[in-house]
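The values are calculated or read from the model by the stated rules, or taken from the named source; none is laboratory data. Just so it is clear, the model here is predicted, and its values are computed rather than measured. Note that each Cβ is placed from the backbone with ideal geometry, even for glycine, and that neighbours are counted across all protein chains shown. The protein model used for the area step is the full one, side chains on, heavy atoms only, and it has no ligands, DNA or RNA in it. Shrake-Rupley method; radii C 1.70, N 1.55, O 1.52, S 1.80 Å.
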Amino acid sequence: MSELERWDNRYVIADTPWDTGNPSTELQRVIVEDKIQPCTAIDLGCGTGTNAVWLAELGFDVTALDFSPTAIDLARQRKARAAAHIRFLTADVLDPPDDIGGPYRFFFDRGCYHVVREIDVGRYLGTLERITELGSVGLVLAGNSNEPRTGPPVVSEAEIRAELGSLFEIVRLREFRFDPTKGMEGCPLAWSCLLRRNS
């Protein structure tokens, strides 16, 4: 089974413990706390589109992509129910299409970075460099190695600073817990990393 088939099948059989069905409370907190105003935005690894729809309803001009065609189909259904305007793309964040658009003033990544960094963090950073510009802001939510457990992949503070800090100023790095879901025991410890493009 290919990587694409493996991920898509998880959406087909609804084995998606990361999908709460609601927008991330950490995303909501950061947008309010840091007064991030509606702008062009991209949601990397958007899954079923809950965060993309929430951003669009706030007035962000949203593009959202995911590796899984099934996830994108579900996201489009969610968009239709919400009557939000979002451009959804079935695409690989490590090999984005020419029409990915940008530059985006805001990007959101809930759990994409901590997966793809294990494949090729350089290509992930190359995508971010391509789709953002000086002053662009990003929010990356990732599993936290300070609490090893079964659940999402984890990353250390040092790894985040070395990898994401090579392209962005790390405005704030704090611990939080992912929102509870049906398929996950407890709420895994995570990192909330607010970034600003500085070069």
One residue is enough: does the stretch 79-94 have a residue meeting the conditions polar (S, T, N, Q) and either assigned to a loop (DSSP other than H, G, I, E, B) or surrounded by fewer than 23 Cβ atoms within 10 Å (Cβ to Cβ) (or both)?
yes
Is the stretch 91-111 home to any residue that is more than 24 Å from ARG197 (Cα to Cα) and touching a helix residue (DSSP H, G or I) at 6+ places or on another chain (Cβ under 7 Å)?
no
In the stretch 32-49, is there at least one residue being part of a helix (DSSP H, G or I), of a type outside the set (Ser, Thr, Tyr), buried (at least 20 other Cβ atoms within 10 Å of the Cβ) and at pLDDT 90 or above?
no
Which of the numbered conditions does ARG117 fail, given that it passes all the others? Conditions: (1) of a type in the set (D, E, K, R); (2) in a helix (DSSP H, G or I); (3) within 13 Å of ILE42 (Cα to Cα).
(3)
Which pairs have Cβ atoms under 7 Å, sit 6 or more apart or on different chains, and link a residue in the stretch 26-39 that is without any contact (Cβ under 8 Å) to a residue 24 or more places away in the chain to one that is assigned to a helix (DSSP H, G or I) and among the aliphatic types (A, V, I, L, M)?
PRO38/LEU58
Going by what's in this entry, would GLY165 be described as over 18 Å from ALA52 (Cα atoms) and assigned to a helix (DSSP H, G or I)?
yes
Flag for LEU65 being assigned to a strand (DSSP E or B) and either of a type in the set (Phe, Trp, Tyr) or surrounded by fewer than 19 Cβ atoms within 10 Å (Cβ to Cβ) (or both)
no
Restricting attention to the stretch 112-131, which residues are over 17 Å from ASN144 (Cα atoms) and not hydrophobic (A, V, I, L, M, F, W, C)?
ASP120, GLY122, ARG123, TYR124, GLY126, THR127, GLU129, ARG130
I'd like the residue in the stretch 19-30 that is open to solvent by less than 20 Å² (accessible area, probe 1.4 Å) and out of contact with any helix residue (DSSP H, G or I) (no Cβ under 7 Å at 6 or more places or on another chain) and, out of all such residues, is nearest to VAL137 (Cα to Cα).
VAL30
If a residue must be outside any strand (DSSP E or B) and either surrounded by fewer than 18 Cβ atoms within 10 Å (Cβ to Cβ) or modelled with pLDDT under 95 (or both), how many such residues does the stretch 122-143 contain?
6
Could you please find all residues in the stretch 157-188 being more than 22 Å from ARG105 (Cβ to Cβ), open to solvent by 30 Å² or more (accessible area, probe 1.4 Å) and not charged (D, E, K, R)?
ALA158, ALA162, PRO180, GLY183, MET184, GLY186, CYS187
Determine the pairs where a residue that is of a type in the set (D, E, K, R), located within the stretch 83-94, has a partner that is open to solvent by less than 20 Å² (accessible area, probe 1.4 Å) with Cβ atoms under 6 Å apart, the partner being 6 or more residues away or on another chain.
ARG87/THR63
Among the residues of the stretch 50-62, what is the count of those that are in a helix (DSSP H, G or I) and among the aromatic types (Phe, Trp, Tyr)?
1
Just one listed residue, out of PRO153, PRO180, PRO188, is modelled with pLDDT under 95 and under 16 Å from the mean Cα position of the chain (by Cα), and it is PRO153
